[in-house]
Amino acid sequence: MPTEGRPAARTAAFFDLDKTVLARSSSLALGRPLLAAGLLTRADVARSASAQLGYALLAADHRRSERVREQLSRVVDGWEVARLQAVVEKAVERFVEPYVYLEAIDLVARHHDEGSDVVIVSASSEDLVAPIARLVGADHVVASRMEVVDGRYTGQIDYYAYGPAKAAAVRELAADRGYDLSRCWAYSDSVTDLPMLEAVGRPVAVNPDRALLRLARERGWEVRRFVRPVPLLPGRDVSLGLLALCVAAGLTGWWLRRRGRPPHRPGRLRGRRGRHAPPSPPGRPPPRR
């Protein structure tokens, strides 16, 4: 349904989540509350940090993305859906909001002011993404869906919102909502989202990896740098698993300096917050073929 107070949109802005709206992986940002709730073990957090570190240092490709996907499937097997949802809902403002780019929030507000819908399109699990989308003021969500039997995740993925599947979901949502894709925007940091960026008339590379930056320059696409999240300072009870995440972050900064590309220096988050209606229930993109 259209957001109250605004006419039905004919344009939309599609945002990737991790490293585009958020300064870090959404799953890593939620690592501490999931660990405290007993849903993650220290070994799980360390393995996830390792997978995400390779993803960050070497840029995303199919092989590394598959590794992250396999890690997700293994970790969530047997989790109670309602419990995960409760943990995420309670934790999202404290543990995710500090990593939201202020530039992204301002863009969301601008697109809404111009009459466009805002859609978060993420390979992360729908149960993680939906509360974050509400936090930033998005209208719709496209995200991966895990198979659920008797209220628990089986470890199987019903729908993986990655690569060409993102573009297919964008096209389906556009057909359903009447968006003119030639007038729509898409924002992403990764070349793996090239199909989604090519599906719209106004693609924008945000903090792009090398491959996407090269393509954006070749094609004359807009390139933006988001640099203003608020850092979340870890508490004194940081676990060994979370320490692994800190090490991963440190190695990322070292590697970026070696490349001559300084790591982003976050500042204090100020400005408008997501002040719009929460997302409507996410659509159901077709299964990946």
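Remarks
- Additional length obtainable on full extension of the chain from K90 to R74, 0.36 nm per residue less Cα span: 3.4 nm
- Backbone N atoms of region 161-194 closer than 15 Å to the 7 Å Cα→Cβ label point of E222 belong to residues 182-189.
- For the pair D180 and D106, a Förster radius of 25 Å applied to the C-beta separation gives a FRET efficiency near 0.60, rounded to the nearest 0.05.
- T41 paired with V148, simple spin-label distance in nm, labels 7 Å along Cα-to-beta-carbon: 2.6 nm
- Shape call, region 182-232: gyration tensor on alpha carbons, a/c limit 1.5: prolate
- Qualifying GluC sites (Glu not before Pro) for region 109-174 [loop in DSSP, other Cβ within 10 Å: at most 13]: E114
Read-outs: derived from the displayed coordinates by stated rules, not from any lab. If you're wondering where the values come from, they're calculated on a predicted model, not measured in any experiment. Positions of Cβ are generated from backbone atoms using ideal geometry, with glycine treated the same way; all protein chains shown enter the neighbour counts.
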